Structures are given as structure tokens and as C-alpha cells.
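Here the structure is laid out as C-alpha cells; the discussion comes afterwards.
All of the numbers you see were taken from the coordinates with simple rules; none came from a lab. As the structure is a computational prediction, the values presented were derived from the model and not from experiment. Neighbour counts run over all protein chains shown; Cβ positions are idealised from the backbone, glycine included.
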Amino acid sequence: MKPLTGKNFIKILEQKGWVLKRINGSHHIFSHSEKTEIISVPVHKNDDLKIGLQKKLMSIAEIAENDL
């Protein structure tokens, strides 16, 4: 799996129907109209997301590795 920056991950989330609700510091909070979960994506410059966090966010958002 290739690591993504927070900005690139946000672009994929928005393509999947997730909507930005608010920004709290460097964390962008997203929700989806069909899901009860929320997703908090850290955006720290152009740093890559850590693999464990990226996998967890992908499972919540139901994003497959081929979608990257």
C-alpha cells in the first residue's frame, strides 16, 4: 500500500461522497449522509499518513486499495 498525504486522502474521501463538516486545528472532520461514523484526517504539511491510521480510515470509509 502506498502512503498518502492527508490532502490526497481527503480528495479520495470527497470522491466517495464524504463531506467536510468542520476543521479543528489541523484535523479535517468528515461525515457521510449514509453512515453514522465520522472521519478525522490530520493534515500536517505534506507529511504522509501513518500506515496504521491510513488503513483504519480506509476501512471506515470503505475504500479499497485499488481506489488509491
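By the helix-only formula, in which each DSSP H run with n ≥ 4 contributes -39500 (n - 2.57) and the sum is divided by residues, the chain has a 222 nm mean residue ellipticity of -9000 deg cm²/dmol. The phi torsions of segment 42-55, fed into the Karplus equation with coefficients 6.51, -1.76 and 1.60 and a -60° offset, translate into couplings of x, 10, 10, 6, 10, 6, 6, 5, 5, 4, x, 5, 4, 5 Hz, rounded to whole numbers, with Gly and Pro shown as x. Bridgeable aspartates and glutamates around K16 (alpha carbons under 15 Å apart, same-chain partners fewer than 8 residues away excluded): E34, E37, E62, E65, D67. If contacts are Cα pairs under 8 angstrom and at least 6 residues apart, what is the relative contact order of segment 6-67 in percent? Computed value for segment 6-67: 28 percent relative contact order. Multiplying the residue separation of D67 and S33 by 0.36 nm and removing their Cα-Cα distance gives an extension gain of 10.2 nm.
Among H27, H32, H44, sorting on how many other beta-carbon atoms sit within 10 Å of each Cβ, with the fewest leading, yields H44, H27, H32. Applying a DSSP loop filter and a limit of 14 other Cβ atoms within 10 Å to the trypsin sites (Lys or Arg not before Pro) in the chain leaves K16, K35, K45, K50.
Based on alpha carbons, the Rg and Dmax found for the chain are 11.0, 30 Å.
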